[in-house]
Amino acid sequence: MEFQSDCMEVVITMQEGGFSATIAGTIYDECEQYWNDFNVISISHCIRECSFVAHELATQALVGKSSLVWIDDPPTFILQMFVRDVTVLSNE
């Protein structure tokens, strides 16, 4: 399993075992508990311009106060963002 984040603080904290003395410490602790459930897991940094889909999904979840699950086709409101993210990645 591989995770990517555009937040370097998250990447470094999780690479170093999930300990943080910041206000987000309890969130990192919980992430570390889930992290340990996987046999092989890694986290890496990606540039913000490659994470528009993740940003939009998170925004929709906050605004709509609901979750969204899809099995085959992604929601139509993120299709153009998929194209943009892939284009940015392939141009790196």
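Data overview
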| item | result |
| --- | --- |
| Counted residues, the stretch 11-36 - those being among the polar types (S, T, N, Q) and open to solvent by 90 Å² or more (accessible area, probe 1.4 Å) | 4 |
| Lone unmet requirement of (1) open to solvent by less than 80 Å² (accessible area, probe 1.4 Å); (2) at pLDDT 75 or above; (3) within 14 Å of the chain's Cα centre (by Cα) for residue 85 | (2) |
| Residue in the stretch 46-59 that is of a type in the set (D, E, K, R), farther than 19 Å from residue 1 by Cα and open to solvent by less than 50 Å² (accessible area, probe 1.4 Å) present | yes |
| Test for residue 8: is it in contact with a strand residue (DSSP E or B) (Cβ under 6 Å, 6 or more places away or on another chain) and open to solvent by 70 Å² or more (accessible area, probe 1.4 Å) | yes |
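The values are calculated or read from the model by the stated rules, or taken from the named source; none is laboratory data. Not measured: the values here are computed from a predicted model. Here the Cβ is made from the backbone with ideal geometry for all residues, glycine too, and neighbour counts use every protein chain on show. Accessible surface is based on the protein model in full, side chains and every heavy atom, while ligands, DNA and RNA are left aside. Shrake-Rupley method; radii C 1.70, N 1.55, O 1.52, S 1.80 Å.
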